[in-house]
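Heads up: the structure comes next, in structure tokens.
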Amino acid sequence: MNMKPIFLVVLALILTTNCFGQNTDSKKEILFDGTDLSQWVVPDNNVFWLIEDSNLWAKSDPEKTGSILWTKNSYKNFSVQLDFKFGEGTVDSGIFMRGDDEKNAQIQIGESGSLKRDMTGSPYVPKLSYPVEAEGIKELLKMDDWNTMKATAEGNTYTAWLNGVKVMTYTLKDANLEGPIGIQLHPNRDMSIQFKNISVETLD
């Protein structure tokens, strides 16, 4: 029996599997899988960020100090996605996109302390406040259930989706183009919020 044709068929199948069976999520990085904070810079004397029932809780301390949980890695062009659910108090949180100064946008989650109303999905920039406002949030935001937020930073343009719907695009002049991702627990608030399924995908 001539084994050469069989060998060639098997070889072709192996090559096809290698070519088309590659992991399409090779640029995707899990930042929180429900078990630990190994991808994050945990603050000293941490009383703010707690893992309970595989969810990441951000809770104010009695002094309402506030905290930012930063990724260990820095990113250029990326898409970050997470699920969030409001807890107690007036929630004022958000996702810092490469930093927390006036050269970086923060995608708001919850109520703005300055505007006293919900600004989820809108970009906050120090010295500029909220240069644009996300659209359709009232119809999309679930106050007592899980929501999915996706935010991208490509160059100096930021885009946000809430529960699968695009709600905001904003371009920041002279934006910082590389830095870590941060999750905010706002100071001077008595609040809690929980997160899960946090991931980032590089777009370079």
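The values are calculated or read from the model by the stated rules, or taken from the named source; none is laboratory data. Fair warning: this is a prediction, and the values are worked out from it, not measured in the lab. Please note: Cβ atoms are built from the backbone with ideal geometry, for glycine as well, and neighbour counts cover all protein chains shown.
Residues in the stretch 102-130 that are buried (at least 17 other Cβ atoms within 10 Å of the Cβ) and small (Gly, Ala, Ser): 105, 110, 112, 121, 122.
Please indicate, with yes or no, whether at least one residue in the stretch 104-113 is modelled with pLDDT under 95 and closer than 16 Å to residue 190 by Cα. Yes, the stretch 104-113 has at least one match. Evaluated against (1) in a strand (DSSP E or B); (2) farther than 16 Å from residue 112 by Cα, residue 95 falls short on exactly one condition, (2). Taken as a whole, the condition of being surrounded by fewer than 18 Cβ atoms within 10 Å (Cβ to Cβ), among the aliphatic types (A, V, I, L, M), part of a loop (DSSP other than H, G, I, E, B) and modelled with pLDDT of 95 or more applies to residue 37. Reported count of residues in the stretch 144-160, each being under 16 Å from residue 95 (Cα atoms) and either of a type in the set (Asp, Glu) or touching a residue at least 40 places away in the same chain (Cβ under 8 Å) (or both), is 10.
Selection over the stretch 108-143 of residues that are within 10 Å of residue 167 (Cβ to Cβ) and either touching a strand residue (DSSP E or B) at 6+ places or on another chain (Cβ under 7 Å) or in contact (Cβ under 8 Å) with a residue 60 or more places away in the chain (or both) gives a count of 9.
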